[in-house]
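Participant: Input: one structure, supplied below.
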Amino acid sequence: MAEPMRHAILGAGGVGGLIGSCLAHAGASVTLVVRPQTIAEYPKQLSLESPFGNVTVDVSVGPEVPPVDVLWITVKATQIDSALAALKNSDAVRGIVPLLNGVDHIAVLRRKYGADRVIPATIAVETERVSPGHILHRSPFARLSVLSAGRAVLGSTVDQLQQIGFTCRFIDDEPTLMWGKLVFLAPFALSTTAANKTVGEILADPEWRSLGEACVREACAVAVAEGAKVDPEAILSGVKAMPASMRSSMLKDVEKHNAPELDAIAGPILRGARRHGIEVPATKKLVAAVEQRAGYVESRLA
């Protein structure tokens, strides 16, 4: 019998907790990597409430990334620099799978750890950590997309997640993989946060709906210029099919007075628009509204 895969989760929040609890439930070895000063508050169990089923599983907890087959990086984009201090021996990690919002982090991680080790991936889900070790998976779906080059490392793991209830796919084209999420996420996050509304409330409000739809089209125009294959009509159809009660993590961050991931989520669109000479007035208007709600005196993305 093959040895169980060894996984480490750097960022034991909603996404990391969901991944960790599902993999541990499937029989994998899972270590949560947390800040040394918070180890005492972390139970050596994860409890997950999910449409896929409620589970409580045993995990290890430590301050550094141990030798593992896969390291999942699931921190906020605003926290990545400090979080990576826990990765002291990257040579003992076979594959690094970042599930951060945005696109720019892939190049950063490749420069630090090598192109062969970093496996680009994205996840679409609504989940949150309600207390240490307690994860609430709110959306009826969890969609994981992985660059096809990572199949050798993640093939069996993807199979396990699919058996649990995830929708998983391998994608050959990296720009399409990374921008395919961003053109969906950015308009959803920016509009729900700017308006302080759920996606259902956005769609029911003609003014906010029009602004969000314009943001989708602008994001897609930039994505295509960056080499991605995206269809704005398909993105808009996907937004309309979302559960009406869904709220973005950016909105939740602003409500908690945490810094929103504006640079990671809106930054690539604004910078790409400047590179390619594309006008993005709706995106700029939404960014300004989010910055106002977050209490920024000056634009962080000027």
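Participant: Name the one entry in 15, 59, 34 that is under 14 Å from residue 129 (Cβ atoms), crowded, with 17+ Cβ neighbours inside 10 Å and modelled with pLDDT under 95. Write out each step before concluding.
Facilitator: Numbers: 15 fails: modelled with pLDDT under 95; 59 fails: modelled with pLDDT under 95.
Going through 15, 59, 34 in turn, just one is under 14 Å from residue 129 (Cβ atoms), crowded, with 17+ Cβ neighbours inside 10 Å and modelled with pLDDT under 95: 34.
Participant: Can you list the helices (runs of 4 or more DSSP H) lying wholly within region 252-302 that have 1 or more residues being farther than 20 Å from residue 184 by Cα?
Facilitator: On the way: elements: 262-265, 267-276, 281-294.
Filter on region 252-302 gives 267-276, 281-294.
Participant: Just checking, which of 171, 106, 164 is touching a residue at least 60 places away in the same chain (Cβ under 8 Å), β-branched (Val, Ile, Thr) and over 25 Å from residue 64 (Cα atoms)?
Facilitator: Working: 171 fails: touching a residue at least 60 places away in the same chain (Cβ under 8 Å); 106 fails: over 25 Å from residue 64 (Cα atoms).
Matching residue, one of 171, 106, 164: 164.
Participant: So, of the residues in region 18-31 that are in contact with a helix residue (DSSP H, G or I) (Cβ under 6 Å, 6 or more places away or on another chain) and over 19 Å from residue 93 (Cα atoms), which turns out to be surrounded by the fewest Cβ atoms within 10 Å (Cβ to Cβ)?
Facilitator: So the first thing to find is which residues in region 18-31 are in contact with a helix residue (DSSP H, G or I) (Cβ under 6 Å, 6 or more places away or on another chain), and the list is 22, 26, 30.
Filter once more, keeping what is over 19 Å from residue 93 (Cα atoms): 22, 26.
Numbers: 22: 28, 26: 19.
Only one residue tops the list, namely 26.
Participant: Among the residues that make up region 10-33, is at least one of them on the phi > 0 side of the Ramachandran plot, outside any strand (DSSP E or B) and either hydrophobic (A, V, I, L, M, F, W, C) or touching a residue at least 12 places away in the same chain (Cβ under 8 Å) (or both)? Walk me through how you get there before you give the answer.
Facilitator: Restricting attention to region 10-33, the residues satisfying the condition of being on the phi > 0 side of the Ramachandran plot are 11, 27.
Next cut, outside any strand (DSSP E or B) only: 11, 27.
Those still in the list that are either hydrophobic (A, V, I, L, M, F, W, C) or touching a residue at least 12 places away in the same chain (Cβ under 8 Å) (or both) too: 11, 27.
Yes, there is a match, as at least one residue in region 10-33 is on the phi > 0 side of the Ramachandran plot, outside any strand (DSSP E or B) and either hydrophobic (A, V, I, L, M, F, W, C) or touching a residue at least 12 places away in the same chain (Cβ under 8 Å) (or both).
Participant: So which residues in region 218-251 are among the hydrophobic types (A, V, I, L, M, F, W, C), part of a loop (DSSP other than H, G, I, E, B) and out of contact with any Phe, Trp or Tyr (no Cβ under 7 Å at 6 or more places or on another chain)? If you could, list the steps in order and put the result at the bottom.
Facilitator: Restricting attention to region 218-251, the residues satisfying the condition of being among the hydrophobic types (A, V, I, L, M, F, W, C) are 219-225, 228, 230, 234-236, 239, 241-242, 244, 246, 250-251.
This time we only want the ones that are part of a loop (DSSP other than H, G, I, E, B), so: 228, 230, 241-242, 244, 246.
Listed by number, the residues that qualify are 241, 242, 244, 246.
Participant: Now for a different question. If you take the residues of region 214-242 that are of a type in the set (D, E, K, R) and closer than 12 Å to residue 184 by Cα, which of them is surrounded by the fewest Cβ atoms within 10 Å (Cβ to Cβ)?
Facilitator: Within region 214-242, the subset of a type in the set (D, E, K, R) is 217-218, 226, 229, 231, 233, 240.
From what's left, closer than 12 Å to residue 184 by Cα: 217-218, 231, 233, 240.
Numbers: 217: 17, 218: 25, 231: 13, 233: 10, 240: 12.
If we take residues in region 214-242 being of a type in the set (D, E, K, R) and closer than 12 Å to residue 184 by Cα, then 233 is surrounded by the fewest Cβ atoms within 10 Å (Cβ to Cβ).
Participant: For the condition free of Cβ contacts under 8 Å to residues at least 60 places away in the same chain, among the basic types (Lys, Arg) and touching a Ser or Thr at 6+ places or on another chain (Cβ under 9 Å), what is the one hit in 151, 117?
Facilitator: Working: 151 fails: touching a Ser or Thr at 6+ places or on another chain (Cβ under 9 Å).
Criteria check complete, one pass: 117.
Participant: Looking at this structure, is residue 117 touching a helix residue (DSSP H, G or I) at 6+ places or on another chain (Cβ under 9 Å), basic (Lys, Arg) and closer than 22 Å to residue 244 by Cα? Can you show your working first?
Facilitator: Details: touching a helix residue (DSSP H, G or I) at 6+ places or on another chain (Cβ under 9 Å): yes; basic (Lys, Arg): yes; closer than 22 Å to residue 244 by Cα: no.
Taking the combined requirement at face value, the residue does not satisfy it.
Participant: Among the residues of region 258-277, is any crowded, with 17+ Cβ neighbours inside 10 Å, within 19 Å of the chain's Cα centre (by Cα), at pLDDT 95 or above and over 20 Å from residue 108 (Cβ atoms)?
Facilitator: no
The values are calculated or read from the model by the stated rules, or taken from the named source; none is laboratory data. Model, not experiment: these values are computed from the prediction. Note that we place each Cβ from the backbone using ideal geometry, even for glycine, and neighbour counts take in every protein chain shown.
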